[in-house]
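Chemist: Below you'll find the structure I mean.
Read-outs throughout are calculated quantities, based only on the coordinates presented, and are distinct from any laboratory measurement. Here the structure is a predicted model, which means the values were calculated and not measured. When we count neighbours, we look across all protein chains shown, and the Cβ atoms used for this are built from the backbone with ideal geometry, even at glycine.
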Amino acid sequence: MAFSQLPSPTDTINIADSAKVHLANVSQALLNDPNGFIENLLQNAINFGLKVLAALVIYAIGAWVIKWVKSLLKRFFVRRNTDRALASFVSSLTSITLTIILVVITIGALGINTTSIAALLAAGGMAVGMALSGTVQNFAGGIMILAFKPFKAGDYIEALGYSGVVTELNIVYTKLTTLDNRSIILPNGSLSNGNINNFSQHDHRRVDWKVNVSYGSDIEKVKKACLEILSSDKRVLTADADPTVSNPFIALSEMKDSSIELVVRAWVISGDYWDVYFDFNEKVYSELPKKGISFPFPQIDVHLTKQN
């Protein structure tokens, strides 16, 4: 301790004088009226004991109430099938908050002024909040995600410029595993405020292809060939088998510079999306030329004129 922090000789003398005065007053009161002094001392002890007893009762009742609230929350979360991470976070936050309030009330029951304690807790909470502003934002984002469930573990999503399967979802961050087996950690604060493309939320997905053929090709023949490829794939859904989807659709979409473009659409189960997509591309490349349908190359028509 630095010497500047030590009490000065004057302060020491004042403290000693104050203690002497207090002891002298107590001694004088004891000599003048010993019975009254003892009665007053007993009364103060009884009052303090009653305050301690009241504080213990308040604390016991408060602890029981906190336990009851936690049990009520647990039953509520089980009934609503709430995510385990969200349920644990809300229960812990509620328990900590109620415990702090109970401690302040218990201290107040002892006759201690709790104004300074409340001010200290408020200042401490503000300081912690400012220091952990980013973490608090992620907490809030995690609560929003866990509450509204835009995706769940096992879903294939695209968000914040990344895409992959959700392998872990907690209150602070979300972990994705990409198709090439990389782990991506996304903060829930940014994730909850950004666009999320969930490819797994629905049971069915529509697959879209663009097929380009040469000018002069028989469009009906191209349509028939593509429909035969789709019909031969049992993974392609039809309205007869599943009323929630539509039959495969093929139409001329654009006449481009070097080709005629047809759009092909079909519905599949979400898990079959990429397999059906790649298999159709391969079959189009191998089957259409067998039927006399050619694929175009980029070309430019050049006209030469003779000038005299």
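Chemist: In Å and whole numbers, how far do the C-alpha atoms of region 204-291 stretch along each principal axis, longest first?
Modeler: In descending order, the Cα extents are 37, 22, 20 Å.
Chemist: Can you sort Ser192, Ser163 by how many other beta carbons sit within 10 Å, fewest first?
Modeler: Working: Ser192 21, Ser163 15.
With the sparsest Cβ surroundings first, the list reads Ser163, Ser192.
Chemist: Please give the length that would be gained between Ala241 and Glu158 if that part of the chain were fully extended, namely 0.36 nm times their separation in residues minus their C-alpha to C-alpha distance (nm, one decimal).
Modeler: The Ala241-Glu158 span can extend by a further 26.9 nm.
Chemist: Classify region 217-260 as rounded, prolate or oblate, taking a ≥ b ≥ c as the square roots of the eigenvalues of its Cα gyration tensor: rounded when a/c is under 1.5, otherwise prolate if a/b is larger than b/c and oblate if not.
Modeler: The shape class here is prolate.
Chemist: How would Phe76, Phe151, Phe139 line up from fewest to most surrounding beta-carbon atoms within 10 angstrom?
Modeler: Phe76, Phe139, Phe151
Chemist: Related question: Give me the distance in nm between label points sitting 7 Å out from Cα along the Cα-to-Cβ direction at Lys70 and Asp275, one decimal.
Modeler: Each label point is offset 7 Å from its Cα along the Cβ direction, giving 4.8 nm.
Chemist: May I ask you to sort Leu93, Leu176 by Cβ crowding, counting other Cβ atoms within 10 Å and putting the fewest first?
Modeler: Leu93, Leu176
Chemist: Taking the Cα-to-Cβ direction at Leu304 and at His202 and moving 7 Å from each Cα, how far apart do the two end points lie in nm?
Modeler: Computed distance between label sites Leu304 and His202 equals 5.6 nm.
Chemist: From Cα pairs below 8 angstrom and at least 6 apart in sequence, can you work out the relative contact order of region 204-291, rounded to a whole percent?
Modeler: 41
Chemist: With each pseudo-label sitting 7 Å past Cα toward Cβ, what's the Arg265-Arg182 distance in nm, one decimal?
Modeler: Here the modelled spin labels are 3.3 nm apart.
Chemist: Please report, in Å, the Rg and the Dmax of region 155-222, where both are computed over Cα atoms only.
Modeler: In order Rg, Dmax, the Cα atoms of region 155-222 give 18.4, 59 Å.
Chemist: Give me the number: length gained by fully extending Ile105 to Arg79, i.e. 0.36 nm times residue separation minus the C-alpha to C-alpha distance, one decimal in nm.
Modeler: 6.1 nm
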